[in-house]
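S.K.: Below is one structure. I have some questions about it.
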Amino acid sequence: MIEISVQDTGTGIEAQNIPYLFDAPLEPFGYNVIAVKNGYEALEQISQRHKIDLVILDLMMPGMSGYEVCQEIRKTYTLLELPVLMVTAAIQPQDKVAAFEAGANDFLPKPFELAELKARIGSVLAMKESLAKAVDLEVAFLQSQIKPHFLYNVLNSIVALSYTDALPHTAMKQADGVEAIADR
């Protein structure tokens, strides 16, 4: 089940798309929506739950702005560990730039169509999954390189010790041979 944290200001135009998020349309896609009233509650939910896959934030919220919440999220999570989708009625270019500078992965202006919301959620989650697979493959590759390296080092140590142990015996035999020849 994919957990999505959604911040809802619950006021007028800001809430016009919230029924899309809370009603049945996202449930068949495996999304479990956690709704909160403000940025403080969003941060609390994120800190309590360790399996939130995506955060959807409104830029304009009471108490703490979406920018501030996103910046707090980025102090703990990277862009790829916990994606943030910003939604807002503000569509000025500087608002979009500020959202990305705060650490948002994507930006969706209100009002939006359910199909576009689903597509953006799918895109951000696919990116997250793709990165996780790439990291897993890189770790597996590095581990496969480490094992032969350790085996090689162990074998080299054994060989080196056997030469070291063999040298005094060889030297002693040669010295004994020299003494035997000198005695003749």
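Rule-based calculations on the coordinates, nothing more; no lab input. Predicted, not measured: the structure shown is a model, and the values here were computed from it. For neighbour counting, all protein chains shown are included, and Cβ atoms are generated from backbone atoms with ideal geometry for every residue, glycine included.
S.K.: Please list 3J(HN,Hα) in residue order for the stretch 103-112, calculated via the Karplus relation 6.51 cos²θ - 1.76 cosθ + 1.60 where θ = phi - 60°; whole Hz, with x for glycine and proline.
M.R.: Running phi through 6.51 cos²θ - 1.76 cosθ + 1.60 with θ = phi - 60° gives x, 6, 8, 8, 9, 10, x, 8, x, 10 Hz.
S.K.: Using mean Cβ contacts within 10 Å as the protection proxy, how do 121-127, 46-52, 102-108 order, highest first?
M.R.: 102-108, 121-127, 46-52
S.K.: Further question on the same structure: So if we plug the beta-carbon distance of LEU131 and VAL154 into 1/(1 + (r/R0)^6) with R0 = 30 Å, what FRET efficiency do we get, rounded to 0.05?
M.R.: With R0 = 30 Å, the Cβ-Cβ based efficiency is 0.30.
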